[in-house]
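The next block holds one structure in the form of structure tokens; read it before the comments.
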Amino acid sequence: MAGFTESALSKKLDDLNASQQSIQTLSLWLIHHRKHHEAIVKMWAKEIQKGEEGRQLTLMYLANDVIQNSKKKGPEYGREFGTVLRKAFEVVGQKMQGEKTKRSINRLLDVWEERGVYSKSQIADFRRAFRNEVKEDTPPPKKKSRASNGVSRRKPEKAVEVKVEGKKEVRVTLSPQAPAGDPPEPEELIKALQELENSASSDAIVREKIASLPPEVSEVNLLAKLEDRGAAERLAAQVNDAVTLLSEYNTRLANEMEDRRRVAQMLRDFTQAQRDLLTQAENTLEEYMEKLQKVKQVRQEVRSHMRNLPDITQSTTGGLAPLPSAGDLFRLG
């Protein structure tokens, strides 16, 4: 991973786009260079100041990804961003024109409040700044101890494993997650489908273990065959092992059902999005086919007019008699 310089950061910010992959890639790089968090957040704030509406939303998603995914390594980003976010939300609110941006920012704040990323008073302050409301005598945010740095320690809703510098790290997926009905990114859908390949229902090893359990662990009427205490204790141990095995497997199966429902919804949303894009592409093709026909018609008209215009190059190629020279005009006899 490339070393940190402000010019390298500037280049990466220039290359940043609104795609999930672009945001996550830069987020990983920023978290890796977290010891430069002050310079990074300062430059991020400058980008917010000069960015347009769509660009500002992308930068907000980048900050969100960095804040939430860096909390295991330390509170640096959570604290540092906390000092500039109020002004950032105010700037975004001033430039905001579309309802889509407004909904996206409000949802981002909802996620932060729900997960305890910042305190409720800070979130309320961010909301006022975004709406450009003035609150008199707003106290500065209190410094928090390491144990309560304003970043929630709740488990993430969804975690993925990535490699940074050859080391495995667990991080939450890009959030806020798209609301229901929004199509997933292709990479997200592919990963979800691949995860189903390792689902509980396809775990042949555990299924074989369950099939190999002795009938005594599930048949109450076989207890009458116990001959002594030693046999009863051995059966009790087998029953406990069977309970643990089945409980864990049933939990995995229940989780698999939820995953399959989620993937099914993702597929429906993705398919619908592709249908919409197909319709849009068909309309665009039809529009540009009409433009092509008009351009071809103009080309034919130009060629037709060219055939009817005189060729001025004939005067220099011998087609017309040359004009007399001065000597010819004054030559005697």
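Points to keep in mind about this one:
- Those GluC sites (Glu not before Pro) in region 200-232 that DSSP places in a loop and that have at most 11 other beta carbons within 10 Å: Glu219, Glu227
- Cross-link pairs Lys11/Lys35; Lys95/Lys291; Lys42/Lys191; Lys11/Lys73; Lys72/Lys95; Lys35/Lys191 - those with Cα-Cα distance over 29 Å: Lys95/Lys291; Lys42/Lys191; Lys72/Lys95; Lys35/Lys191
- Percent accessible area from carbon and sulfur atoms, region 1-68, protein chains only, probe 1.4 Å: 50
- Exposure check, 1.4 Å probe, all protein chains in place: Ile205 carries approximately 110 Å² of accessible surface.
The values are calculated or read from the model by the stated rules, or taken from the named source; none is laboratory data. As the structure is a prediction and not an experimental result, all values here were calculated from the model. All Cβ positions, glycine included, derive from the backbone under ideal geometry; neighbour counts span all protein chains shown. Each accessible area value is taken on the protein alone, full model and side chains, heavy atoms only, with ligands, DNA and RNA left out. Shrake-Rupley method; radii C 1.70, N 1.55, O 1.52, S 1.80 Å.
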